[in-house]
Amino acid sequence: MEKLRTNKWIILSAVLIGTVMGPIDGSVTNIAMPQLAKIFHTDITTTSWISMTYLLMLSSLMLTFGRLGDMVGYKKLYQYGLITFSVTSAILSMSNNIYMLIVVRAFQAVGAGMLMSMAPAIITATFPPNERGKALGFNAMAVSIGLSIGPTLGGFLLTYLGWRSIFYINIPIGIIGFIWAQIVVPDNKGVPEKFDPLGAMSAFIFLTGLLLFISEGGTWGWTSIPSMISLATFIVFFIIFIIIENKLQFPMLDLSLFKIRLFTFGNLSTLINFMAQNTMTFLTPFLLQKIGYSTDVSGIIMTSFPLIMLVVAPLSGVLSDRYGAQILSTIGALITATALFSMSTLNLHSSMTSIMLRLGLFGIGNGIFQTPNNSSVMGSVSKNRLGIASAFLATMRNAGMVLGIAMGSAIFTNRQMFYESLKINSNSAFLFGLRDAYIVAGVLSIICALTSLVRDKINKKNNLEKDGV
């Protein structure tokens, strides 16, 4: 057993089991939304809270889990995540109304948060700097596999085994992952520091307020009372959080990390990248539907993006170990921008091949960007801060997802209404609105390239100093 715990690739295999669970579950659940709305006799707005509650809880708790991981040990929290995710999946399968689904999904997000915040920390603690990019590339590949097989698997389960089966599948994966992690992942004791409950609570509240404002502001009205309450909650508790963190000896989020350019600009790049990415992934299915593609064909077309990433991400990880993140992430972001500008030229007569080629180019750009960027962020901090670094990176990723969907929806809707006001026919107004949203996402990717370019290069001397050598 001790031999297994010293084999870094076997340790990685245990981490990848937990990594693949979230993307599979998320994509399968999204596919099931229309069916769940019919089964529970509710509208799509109410049903959407199955995903929204999950995302809000996941994003708001990530920093807390990162800090706890640094304190109690990455393996322990990772295993707690596997158990929580599996148990809540079993409870979800027994739901008898939509509100039970929504509430239990919030608790399932607790388990997902533990998994997502700990996986990169375990990988970074296990692999030396010259192999870290390759290992994180395999982690990105596991995410792509989950996103690729999720829609197809979800369709099969819903058709032949019923909606409850989409939650059953998490149970054996979680049990196997827990046992395998217990056998192969080495224990780490964590750091003997006090937990910051006030910082954790204020972080949860300000992140929830922010994400609610971003995600629901368009529906509520940006100047409505609920939107203003959400925005005010974010501002007040963000200020409280900063005051608390500056006063404590052991804060939940060590603000000195933002003095590290690699950490700060790497996280900023992640936020911008996911804003651009989710603008595209949210809007493109509407274009496919407008062209006339069926749901299953649209799913196949959209899969071309994660499938390409599945191949590119590990390769870019290997290259980042040799050449660093600065140039690779910049090139990846520029390729992503090119793909988005190219997608702005699509129309209602575009062929499946032309759309998939653009999505494939988008996948190449993201695959080249993400793994080196993640590796540079995780490599910029000391080993006793890997948990919080991993969690903050995941928080930026989730915030970017919410911002991207909100931004893409707002731009598309407003610009479509603008073109319709000019007496342009509905199909052309639709395409022009979509074009403008894609162009804005492309501009964001260019900004992402700039934030990637201005980061510092990490060197071996800095790595040794951070690791206490």
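The values are calculated or read from the model by the stated rules, or taken from the named source; none is laboratory data. As the structure is a prediction and not an experimental result, all values here were calculated from the model. Note that each Cβ is placed from the backbone with ideal geometry, even for glycine, and that neighbours are counted across all protein chains shown. Quick note on the areas: whole protein, heavy atoms, side chains included, nothing else; ligands and nucleic acids left out. Shrake-Rupley method; radii C 1.70, N 1.55, O 1.52, S 1.80 Å.
Before moving on, here are some points about what is shown:
- The range 251-468: C-alpha gyration tensor shape, a/c 1.5 cut-off, then a/b vs b/c: prolate
- Taken as Cα centroids, the range 406-431 and the range 182-223 sit 35 Å apart, rounded to the nearest whole angstrom.
- Helix axis angle, 352-378 relative to the chain longest principal axis, alpha carbon, degrees: 20 degrees
- Shape of the range 205-300, Cα gyration tensor, a/c cut at 1.5: oblate
- Degrees, to the nearest 10: 261-291 long Cα axis against longest axis of the chain: 30 degrees
- Segments 280-291, 29-40, 395-406 sorted - mean Cβ within 10 Å per residue, highest first: 395-406, 280-291, 29-40
- When a 1.4 Å probe is rolled over the protein heavy atoms, the share of accessible surface on the range 1-195 that falls to carbon and sulfur comes to 70 percent.
- Surface share of carbon and sulfur [accessible, 1.4 angstrom probe, percent] for the range 197-247: 81 percent
- Accessible-area composition of the range 275-430, carbon plus sulfur, in percent [1.4 Å probe]: 65 percent
- Averaged over its residues, the range 251-468 has an accessible area of 40 Å² per residue, based on protein heavy atoms and a 1.4 Å probe.
- Among Glu420, Glu193, the sequence by solvent-accessible area, most first, with a 1.4 Å probe is Glu420, Glu193.
- Taking the longest Cα principal axis of the chain as reference, the axis of helix 8-39 is set at about 30 degrees.
- Net dipole in debye of the chain [+1 Lys, Arg Cβ; -1 Asp, Glu Cβ; about Cα centre; nearest 20]: 720 debye
- Distance in nm between pseudo-label sites at Lys189 and Leu161 (7 Å out along the Cβ direction from Cα): 4.4 nm
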